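Student: Before I ask anything, here is the structure I am working with.
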Amino acid sequence: MIDALLRRLMAPAPDRLPEPDAHLALAALLVRIARTDGIYAPAEVDRIDRILAARHNLGPFETARLRSEAEELEAQAPDTVRFTRAIKAATALEDRAGLLETMWSVVLADGIRDQDEDGLMRMVASLLGLTDVESAQARQRAERA
């Protein structure tokens, strides 16, 4: 499954991903965001699990399996642009700010904000078609949550 998804993501003009693959792509992007500062903290893993469980109505075992697959995909995937492109294609514009808020909640989960995380979030926001202002607003909402 991961190999097939990687092939689709690496295609020159990838098609819109079916829902299960879009879920996995989002989960892998959340893992990548959590790993950006070089520390994959338990608080970040917990936040990712809670996001995946709530977003996809999963039980604990299904959530752990999805995260495990996402960790494997993230480790094998060459760039963030492909994940973000797939997520953008699978998500309506009006829902992307909520996704960005979710991503910021992962960045903030360990209580440490790092310049590499900030840079990645700027890039992801832009790739999702969102402005720096929209990203800042999403971060502020995540900080208040």
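Student: Mark the label point 7 Å from the Cα of ILE39 along Cα→Cβ and return the residues of segment 74-114 whose backbone N is within less than 20 Å of it.
Tutor: Counting backbone N atoms under 20 Å from the label point, the list is 103-114.
Student: Which ³J(HN,Hα) values in Hz, rounded to whole numbers, follow from the phi angles of segment 60-77 under the Karplus curve 6.51 cos²θ - 1.76 cosθ + 1.60, where θ = phi - 60° and Gly and Pro get x?
Tutor: For segment 60-77, the Karplus-derived couplings read x, 5, 5, 4, 4, 5, 4, 5, 4, 5, 5, 5, 5, 4, 4, 5, 8, 6 Hz, x marking Gly and Pro.
Student: Could you line up MET103, MET123 from fewest to most neighbouring Cβ atoms inside 10 Å?
Tutor: The order, fewest Cβ neighbours first, is MET123, MET103.
Student: Going from the alpha-carbon gyration tensor of segment 32-145, what semi-axes, largest first and in whole Å, does one get by taking the root of 5 times each eigenvalue?
Tutor: Working from the Cα gyration tensor, I get semi-axes of 20, 16, 15 Å.
Student: Report the local net charge at VAL45: Lys and Arg +1, Asp and Glu -1, summed over other residues whose C-beta lies under 11 Å from its C-beta.
Tutor: Taking every other residue near VAL45 into account, the sum is -1.
Student: Find out how many positive minus negative residues lie around PRO60, taking Lys and Arg as positive, Asp and Glu as negative, among other residues whose Cβ is under 13 Å from that of PRO60.
Tutor: For residues surrounding PRO60, the net value is 0.
Student: Taking other Cβ within 10 Å of each residue's Cβ, how do HIS23, HIS56 sort, fewest first?
Tutor: Exposure proxy ranking, most exposed first: HIS56, HIS23.
Student: May I pose another question? What does the charge count near VAL81 come to, summing +1 for each Lys or Arg and -1 for each Asp or Glu among other residues with Cβ under 13 Å from its Cβ?
Tutor: Counting the neighbours of VAL81, the net charge comes to +3.
Student: Each residue of segment 44-51 in order: what ³J(HN,Hα) in whole Hz does its phi give by Karplus 6.51 cos²θ - 1.76 cosθ + 1.60, θ = phi - 60°, with x for Gly and Pro?
Tutor: Per-residue couplings from phi come out as 6, 4, 4, 5, 4, 4, 5, 4 Hz.
Student: How large is the helix-only mean residue ellipticity at 222 nm for the chain, computed as the sum of -39500 (n - 2.57) over DSSP H runs with n ≥ 4, divided by its residue count, in deg cm²/dmol to the nearest 500?
Tutor: Rounded to the nearest 500, it is -25000 deg cm²/dmol.
Student: On to the next question. Based only on other Cβ atoms within 10 Å, what is the fewest-to-most ordering of GLU134, GLU117, GLU143?
Tutor: Listed from fewest to most nearby Cβ atoms, that is GLU143, GLU134, GLU117.
No value in this document is a laboratory result; all are computed from the given coordinates. As the structure is a prediction and not an experimental result, all values here were calculated from the model. Note that we place each Cβ from the backbone using ideal geometry, even for glycine, and neighbour counts take in every protein chain shown.
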